[in-house]
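The values are calculated or read from the model by the stated rules, or taken from the named source; none is laboratory data. Keep in mind it's a predicted model, so treat the numbers as computed, not measured. Cβ placement follows ideal geometry from the backbone for every residue including glycine, while neighbour counts extend to all protein chains displayed.
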Amino acid sequence: MINVSEKALDQLINLMMQEGITPDTHSLRISVKGGGCSGLSYDMKFDDQIDSKDQVVPTEGGLKVLVDRKSVLYLFGTELDYSDGLNGKGFHFKNPNATRTCACGESFAV
């Protein structure tokens, strides 16, 4: 459903450690919301609650990724990656469903 690259997973676990939380107690929630310059935007946060309506995607590093039912339609086949290069440090979504993205990569259209 959604894939998290090894670089992104390492960075997410580092961020969790900085916040004093672990993959045992928290998951990564990824959702799609209306907004952004292309119409839809990605949202990520750590969450300690799993809703019965969430799609739960385990990763090799033990971190669970939570996606609500509405967002699953937009995120199917997406890869979350992390770049630490000079041109665009941060998390990036590689979404095969996006027909258009903005220059910053934080919003898209389908």
*Among the residues of region 60-74, how many are under 21 Å from Ala98 (Cβ atoms) and basic (Lys, Arg)?*
2
_Residue match in region 26-34 (condition: within 13 Å of Val4 (Cα to Cα) and modelled with pLDDT under 90)_ = no
*What's the number of the condition Gly20 fails, among (1) at positive phi; (2) at pLDDT below 95?*
(2)
_Based on this model, can you work out whether Gly62 counts as over 19 Å from Lys7 (Cα atoms), modelled with pLDDT under 95 and not basic (Lys, Arg)?_
no
